[in-house]
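Trainee: Got a structure here, written out as structure tokens. Questions coming.
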Amino acid sequence: MKTVQTHQFDSVVIGAGITGLAMALSLAECGNKVAIVDQRLTPPTVDESEEYDTRIYALNENSVALLKKLDVWKYCDQQRIQPITAMKVFGDKTGQLDFNAKDKSIENDSLGVIIESRQLINILYKKTSHHPNIKYLLGLSIEGTDVIERLRVVSLSGGLQLYCRLLVASDGLFSPTRSIVGIKETITEYDHFAVVANYQSDQDHYGVAKQWFLSNGDILALLPLPDNIVSLVWSTQKDNASYLSGINEDKRIKEILSKVGYGIGRLKEVTRPHVFPLRLIRVNPIFLNRFILCGDAAHGVHPMAGQGLNLGLADVSTFMELITNKQTTIDIGEYSLLSSYSRRRVESVTLMQALTHSLYVGFHVNTPWISWVRNTGMNIINGLPGLKKLLLKQAGHA
Ligand SMILES: Cc1cc2nc3c(=O)[nH]c(=O)nc-3n(C[C@H](O)[C@H](O)[C@H](O)COP(=O)(O)OP(=O)(O)OC[C@H]3O[C@@H](n4cnc5c(N)ncnc54)[C@H](O)[C@@H]3O)c2cc1C
């Protein structure tokens with residue numbers, strides 16, 4: 001007969017990506033006993049390397065504030081973090097939008113930072129694995145879950161049963177936990193894939209992030225990293241993505257320069273390209289009885305605005321705010337708390353998904369009239385400092 005081992009926690013977090021680790025750490029810091037479950041057999045760490053990681057994130061000020069609150073930021077190697085001083089967005093004709101750190105507010109001298117995925121994962125792992133309130137359960141996945149009285153029971157592979165007040169799913173875009181609890185998602189497959197690689201330039205980028213919306217619907221971004229390295233994120237049709245990742249370095253650089261012009265200096269490839277499929281995933285609801293979704297498990301967005309992880313970290317800070325604002329000792333799985341979490345997240349997430357999706361669709365329509373409207377629109381917005389400030393504020397509070 002199969003023996004079932006049972007354990008009790010305040011919270012169980014399924015998925016040890018950046019969002020799940022940040023959520024587990026936040027819950028543990030508030031005094032909760034937390035189990036982190038991941039299907040990987042080994043810790044989610046990534047080898048340290050001199051080479052810059054191909055996975056990099058543009059983080060907004062809210063995400064950085066959360067990482068500071070969790071005491072993660074001070075362990076990040078600041079030499080490998082690049083503040084964004086300005087952003088230039090180019091339309092497919094004459095349209096241009098410029099954002100400058102000075103336009104934003106006086107308390108900040110950057111529009112955000114660029115950081116490597118590897119740094120965040122490794123520091124979050126160190127903090128969580130040494131935390132007295134956190135237990136790692138690796139190489140396991142969820143097989144079922146139910147609510148019994150005021151507890152959620154989580155059945156894991158290997159005959160383990162966990163009892164908790166709150167189950168958190170942060171197991172990525174295709175969240176198996178989401179389907180086990182019966183929450184449906186709507187997936188829109190973009191006909192684009194992202195080609196990502198890093199280049200050393202012989203020219204100073206001055207911390208400026210650049211993005212081009214091209215007339216064929218491609219979106220190409222060059223994001224600044226320290227040491228005058230730029231990270232390419234090129235959203236393009238599948239065939240072109242395969243072509244770009246298959247050709248040699250010289251040809252790839254020629255392709256990039258042919259799209260963005262020659263004002264970015266001479267490039268040398270420092271990390272090989274990787275290709276990622278792109279999807280919009282809308283999920284509703286994001287909570288159930290003693291259950292919440294967060295991170296990519298709760299929302300998938302096109303990376304053109306660099307907001308996916310920012311949304312995930314905003315899920316974490318929203319939940320933390322709700323817990324810490326309560327005066328009395330609370331049950332972290334209580335209905336009113338989870339429904340407030342959902343109400344507060346739905347608006348920002350829907351707005352960001354609508355914005356990125358309409359930009360994607362808008363730049364795929366290529367009639368001269370629409371092209372004129374979008375380029376003129378960009379130039380009009382560029383002349384309205386108040387509106388630009390508002391847009392930046394929105395992007396900072398994913
Ligand atoms: C090209 C590209 C560029 C991007 N740039 C940016 C950017 O500049 N800024 C930004 O904010 N965002 C960006 N994003 C989005 C960002 O990458 C994601 O939003 C973020 O990585 C999601 O993190 P997560 O922790 O929610 O999920 P994930 O990183 O997917 O982690 C999920 C975890 O769940 C685990 N898991 C999966 N299945 C199971 C299971 N059955 N049981 C247990 N565990 C399981 C996995 O092992 C993994 O550890 C970009 C995305 C792409 C594709």
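A short reminder: the numbers here are calculations on the coordinates, not readings from a lab. For clarity, every value in this text was computed on a predicted model and none was experimentally measured. Cβ: placed from backbone, ideal geometry, glycine included. Neighbour counts: every protein chain shown.
Trainee: Mind ranking 274-287, 207-220 by how tightly packed they are, going by the mean number of other C-beta atoms within 10 angstrom, highest first?
Mentor: Highest to lowest by the protection proxy: 207-220, 274-287.
Trainee: Could I ask something else about it? Roughly what angle does helix 308-325 make with the longest principal axis of the chain, taking Cα atoms, 0 to 90 degrees, to the nearest 10?
Mentor: 40
Trainee: More than 40 Å apart: what percent of Cα pairs in the chain qualify?
Mentor: Value for the chain (Cα pairs over 40 Å): 18 percent.
Trainee: Just name one of Leu359, Ile370, Ser340: the one whose Cα is farthest towards the positive end of the charge dipole of the range 318-387 (beta-carbon charges, Lys/Arg +1, Asp/Glu -1).
Mentor: So the residue furthest toward the plus end is Ile370.
Trainee: Sequence gap at least 6, Cα distance under 8 Å: using those rules, report the relative contact order of the chain to the nearest whole percent.
Mentor: Relative contact order, the chain: 22 percent.
Trainee: Can you classify the range 1-145 as rounded, prolate or oblate using the Cα gyration tensor, where a ≥ b ≥ c are the square roots of its eigenvalues, rounded means a/c under 1.5, and otherwise it's prolate if a/b beats b/c and oblate if not?
Mentor: It is prolate, given that a/c is not under 1.5 and a/b is the larger ratio.
Trainee: Now for a different question. Of all DSSP beta bridges in the chain, what percent run antiparallel (nearest 5)?
Mentor: About 70 percent, rounded to the nearest 5.
Trainee: Let me have the relative contact order for the range 134-237, percent, based on Cα pairs under 8 Å that are six or more residues apart.
Mentor: 19
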